2 protein chains.
Amino acid sequence: MSAHSGKPVLAIVGATGAVGTVMREVVSERADLWSEVRLVASARSAGRRLPVRGEEVVVRELTPDVFDGVDLAMFDVPDEVSERWAPIAASRGVVVIDKSGAFRLDPQVPLVVPEVNPDDAADRPKGIISVPNCTTLAMIVALGALHRAFGLRELVAASYQAASGAGQAGADALYDQLSKVGGNRTLGQRPGDVRAAIGDPGPFGAPLAMNVVPWAGSLRDEGWSSEELKIRNETRKILGMPDLKVTSTCVRVPVVTGHSLAVHAVFECEVTRQAAREVLADAPGVELKDDPERGEFPTPADIVGTDPTWVGRVRQSLDDPHGIDLFVCGDNLRKGAALNAAQIAELLVTGQAGQPS
Amino acid sequence: MSAHSGKPVLAIVGATGAVGTVMREVVSERADLWSEVRLVASARSAGRRLPVRGEEVVVRELTPDVFDGVDLAMFDVPDEVSERWAPIAASRGVVVIDKSGAFRLDPQVPLVVPEVNPDDAADRPKGIISVPNCTTLAMIVALGALHRAFGLRELVAASYQAASGAGQAGADALYDQLSKVGGNRTLGQRPGDVRAAIGDPGPFGAPLAMNVVPWAGSLRDEGWSSEELKIRNETRKILGMPDLKVTSTCVRVPVVTGHSLAVHAVFECEVTRQAAREVLADAPGVELKDDPERGEFPTPADIVGTDPTWVGRVRQSLDDPHGIDLFVCGDNLRKGAALNAAQIAELLVTGQAGQPS
């Protein structure tokens, strides 16, 4: 894909953020892929030295010229920054892999999960490829494998989303709240006592420690949250099923990192528990941990920091032989963001997606 | 209902436990209903003095004779204790209101939620009435109201269950775990670090603090948990719909008390968001808190200690005009146990169920 000789040049735009930090870690795991990894951030962070591939690299300011000689750029910046800067980079011949929500539903921008729809990455008229939302990414690799085998017809999901899905500020708020309630054995028994102990509930609209909050994202029409619409619209686009029946309720839970979902999926054909488990056991990027007799199922605190989509609690719905119920977990900062972006970059460079370690 | 003159006599069997404590509180709120409230427990607790209706009452040992002169008995004891003792009490003419799982699916024992199926309480050939599981009770009052209006056809639920659903030991384990992790801002970022900090995960099979655990109850056939089967079987029986399509995934969350569920319900007719909200706003025992523009939705930490079933996030499913998605919360120790039992007792005595305050 590179016009110049040798290995391509990668830029990480937003290198100082929570996802940018994980992007530097993930890129360091495949250090031999790039001739240069350029770190880019806002003027405020320019000049800082940050580690990548075992060396300290000076962060450069986001300007048009910073893209000179760059082949691929992974963006993890707010929507409005992507909206402005991704086209600038693309106009200079850079392939942009964008984590923001700015272009995900643009029909001229593919929305790519390398294990599910790698071929979509080839057709990118704007020079931009989007990375799905972290909640969609927590389930889509497992769901894509089941869809290939059995043909998905309907999806009902309920999420258990981690605080860091709201960025570093979300994680910090949860730590702060946990430190305020952690030693108090009287809390959680009277209405509002947790709220009183925590004070300002911060970015979640209600206390998150010792609580769950049925809200994520911003308000859309008819009471839906943006996060719930993302699950529907992105799943439809990634699977190439614009009419797929999807519904969900998104709920924040007091977990630092690691999104989970309870999924009820209905397929075109009957699916036994054993058939579903066989497909999931063989699916690239999926780790099946499903032995309830031994108490084995995935939990976010056990899988945080790992790459796969973890699946457990696989069951055939008792009243619908076409239905499968399961529980999935994934690290929202790795596969849910940085890793999926790096896999797309690797797919473009090598022609194949690197599998989670 | 009483053969003797004056007000009836109530016994609370299992008066010293977590639910028994709330039973004493709930009974004290309608202190004028009973001529006597007799407290009964195992031999180990006999002789203790416990408060009820503003006075100290000596706990009596569970023996056949303790039921002499009793009209109604509310049992909150383990399944095997109910199995043995409920028939003994019933054979002495006592109407037993049993919180255990021992008789819930017995066709000769009605399973009663006063707001939903009060008439079922009249037909009790064994002299026993069962109280549903706390997870079913967290949603069934809201669901029953929607069913009466629109005709329920299918139910998909995902639970967010509190630690005290596993009894006082569950709540104690969560407090203990929270005290171990509360001040530590490095946890929750690497696989298993929460597990290492907590040590023995206790009754949940995995750490619950800073985590969610996709398991509740004991293992049944084909990977289902007992809790998931209870939601299905009890909902069918309470609504009188033996063939209702039900599926669910039960998940424990780090909340002390207050069960929540994300519910997707499909009805016989089209249901608009407004129509569903009107039904819920008028439903006895339901409190609608659903104003996402103002950030208003129920959370377990805000509603713990209250009586109603709280409902928020009401939406019409985007791809099915017959579908409604919503989020419900209820106190698993009050409506989920003690309050529902007391409402049944009141229904039998007065002919009408007391409404949550």
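Data overview
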{"quantity": "Boolean, A:N340 is crowded, with 24+ Cβ neighbours inside 10 Å, more than 9 Å from every other protein chain (Cβ to nearest Cβ) and part of a loop (DSSP other than H, G, I, E, B)", "calculated": "no"}
{"quantity": "Answer from B:S159, B:S179 - the residue that is surrounded by 22 or more Cβ atoms within 10 Å (Cβ to Cβ) and small (G, A, S)", "calculated": "B:S159"}
{"quantity": "Residue pairs meeting the criteria (Cβ under 8 Å; at least 6 apart or on separate chains; first more than 14 Å from B:N332 (Cα to Cα), in the range B:253-273; second surrounded by fewer than 24 Cβ atoms within 10 Å (Cβ to Cβ) and polar (S, T, N, Q))", "calculated": "B:H264/B:S317; B:V266/B:S317; B:V271/B:Q316; B:T272/B:Q316; B:R273/B:Q316"}
{"quantity": "Count - residues of the range A:204-217 that are at the interface with chain B (Cβ under 7 Å from one of its Cβ atoms), touching a residue at least 24 places away in the same chain (Cβ under 8 Å), assigned to a loop (DSSP other than H, G, I, E, B) and more than 16 Å from B:Q177 (Cβ to Cβ)", "calculated": "4"}
{"quantity": "Unique residue being buried (at least 16 other Cβ atoms within 10 Å of the Cβ) and either at positive phi or out of contact with any helix residue (DSSP H, G or I) (no Cβ under 9 Å at 6 or more places or on another chain) (or both) when the list is A:G6, A:G54, A:G20, A:G14", "calculated": "A:G14"}
{"quantity": "Hits in the range B:121-169 - residues which are closer than 23 Å to B:R334 by Cα, away from chain A (no Cβ under 14 Å) and not in a helix (DSSP H, G or I)", "calculated": "B:I128, B:I129, B:S130, B:V131, B:P132, B:N133"}
{"quantity": "Filtered residue count, the range B:265-279, keeping only those that are touching an Asp or Glu at 6+ places or on another chain (Cβ under 8 Å) and buried (at least 24 other Cβ atoms within 10 Å of the Cβ)", "calculated": "1"}
{"quantity": "Looking only at the range A:306-320, and only at residues there that are facing chain B (nearest Cβ under 7 Å) and in contact with a Gly (Cβ under 6 Å, 6 or more places away or on another chain), the one that is farthest from A:V19 (Cα to Cα)", "calculated": "A:S317"}
{"quantity": "Count - residues of the range A:290-305 that are touching a Lys or Arg at 6+ places or on another chain (Cβ under 8 Å), assigned to a loop (DSSP other than H, G, I, E, B) and either buried (at least 22 other Cβ atoms within 10 Å of the Cβ) or more than 7 Å from every other protein chain (Cβ to nearest Cβ) (or both)", "calculated": "4"}
{"quantity": "B:E56 being assigned to a strand (DSSP E or B) and either over 15 Å from the mean Cα position of the chain (by Cα) or farther than 30 Å from B:V286 by Cβ (or both)", "calculated": "yes"}
{"quantity": "Unmet criterion (only one of (1) at the interface with chain A (Cβ under 10 Å from one of its Cβ atoms); (2) touching a strand residue (DSSP E or B) at 6+ places or on another chain (Cβ under 9 Å); (3) part of a loop (DSSP other than H, G, I, E, B)) for B:D325", "calculated": "(3)"}
{"quantity": "Filter result (more than 22 Å from B:G217 (Cβ to Cβ) and of a type in the set (D, E)) within the range B:139-195", "calculated": "B:E154, B:D193"}
{"quantity": "Residue in the range A:177-196 that is at the interface with chain B (Cβ under 10 Å from one of its Cβ atoms), assigned to a helix (DSSP H, G or I), under 26 Å from A:G14 (Cβ atoms) and polar (S, T, N, Q) present", "calculated": "no"}
{"quantity": "Pairs, first closer than 19 Å to B:G170 by Cβ in the range A:189-203, second not in a loop (DSSP other than H, G, I, E, B), C-beta under 6 Å, six or more apart", "calculated": "A:V194/B:A301"}
{"quantity": "One residue from A:E228, A:E270 being within 16 Å of the chain's Cα centre (by Cα) and either farther than 25 Å from B:A265 by Cβ or of a type outside the set (A, V, I, L, M) (or both)", "calculated": "A:E228"}
{"quantity": "Positions within the range A:37-51 being under 25 Å from the mean Cα position of the chain (by Cα) and at positive phi, in sequence order", "calculated": "none"}
{"quantity": "Residue in the range B:270-283 that is out of contact with any Cys (no Cβ under 6 Å at 6 or more places or on another chain), facing another protein chain (nearest Cβ under 8 Å) and in a strand (DSSP E or B) present", "calculated": "no"}
{"quantity": "Any hit, the range B:120-132, residues being polar (S, T, N, Q) and out of contact with any helix residue (DSSP H, G or I) (no Cβ under 8 Å at 6 or more places or on another chain)", "calculated": "yes"}
{"quantity": "Qualifying residue in the range B:62-85 (condition: surrounded by fewer than 17 Cβ atoms within 10 Å (Cβ to Cβ) and among the aliphatic types (A, V, I, L, M))", "calculated": "no"}
{"quantity": "Residue list for the range B:220-262, restricted to those being facing another protein chain (nearest Cβ under 8 Å), closer than 22 Å to B:A166 by Cα and in a strand (DSSP E or B)", "calculated": "B:S225, B:T247, B:S248, B:T249, B:S260, B:A262"}
{"quantity": "B:V27 within 29 Å of B:V141 (Cα to Cα) and in a helix (DSSP H, G or I)", "calculated": "yes"}
{"quantity": "Selection count, the range B:5-24, where residues are over 24 Å from B:G305 (Cβ atoms) and assigned to a loop (DSSP other than H, G, I, E, B)", "calculated": "4"}
{"quantity": "B:M210, sole failed condition from (1) of a type in the set (A, V, I, L, M); (2) surrounded by fewer than 24 Cβ atoms within 10 Å (Cβ to Cβ); (3) more than 21 Å from the chain's Cα centre (by Cα)", "calculated": "(2)"}
{"quantity": "From B:G223, B:G205, residue being modelled with pLDDT of 95 or more, in contact with a strand residue (DSSP E or B) (Cβ under 9 Å, 6 or more places away or on another chain) and surrounded by fewer than 23 Cβ atoms within 10 Å (Cβ to Cβ)", "calculated": "B:G223"}
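The values are calculated or read from the model by the stated rules, or taken from the named source; none is laboratory data. From a predicted model like this one, the values you see are computed outputs, not experimental measurements. All Cβ positions, even for glycine, are placed from backbone atoms using ideal geometry, and neighbour counts span all protein chains on display.
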